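As structure tokens, the structure follows; a few thoughts come after it.
No value in this document is a laboratory result; all are computed from the given coordinates. Just so it is clear, the structure is predicted and the values come from calculations on it, not from any experiment.
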């Protein structure tokens, strides 16, 4: 199977490249190679992951941080341009990521 890669786009900025590695339905796993643009929003993704992985998930805090992440528009665009996802969840943990449509 051919390697599938996506650009993670927020607004008009490419935050990095995701390489699809495996699936664990309904989640996809991949590696994340950030661009310089990711540094501007890294703290948002770090906070989102911290909230999601906490023992006591606070939905209000999660919705607040998620709305900040997606506010300018968040999408995954395959490098071959054959697929674009606009409605998905994504978690970024260093060089690893998981997402679901």
Exercise for the section: Provide the three semi-axes, in whole Å and in decreasing order, of the ellipsoid equivalent to region 1-43 as defined by the square roots of 5 times the Cα gyration tensor eigenvalues. Expected result: 22, 11, 9
Problem - Helix axis angle, 59-70 relative to the chain longest principal axis, alpha carbon, degrees - result: 40
Problem - Residue-averaged 222 nm ellipticity for the chain, from DSSP H runs of 4+ at -39500 (n - 2.57), nearest 500 - result: -7500 deg cm²/dmol
Problem - Stokes-Einstein D (µm²/s) once Rh is taken as the Kirkwood radius of the chain over alpha-carbon pairs, at 20 °C in 1.002 mPa s - result: 154
Exercise for the section: Let me have the relative contact order for the chain, percent, based on Cα pairs under 8 Å that are six or more residues apart. Expected result: 32
Problem - Cα-only radius of gyration and Dmax that characterise region 53-101, units Å - result: 12.8, 40
Problem - C-alpha long axis of helix 42-53 to longest principal axis of the chain, angle in ° - result: 70
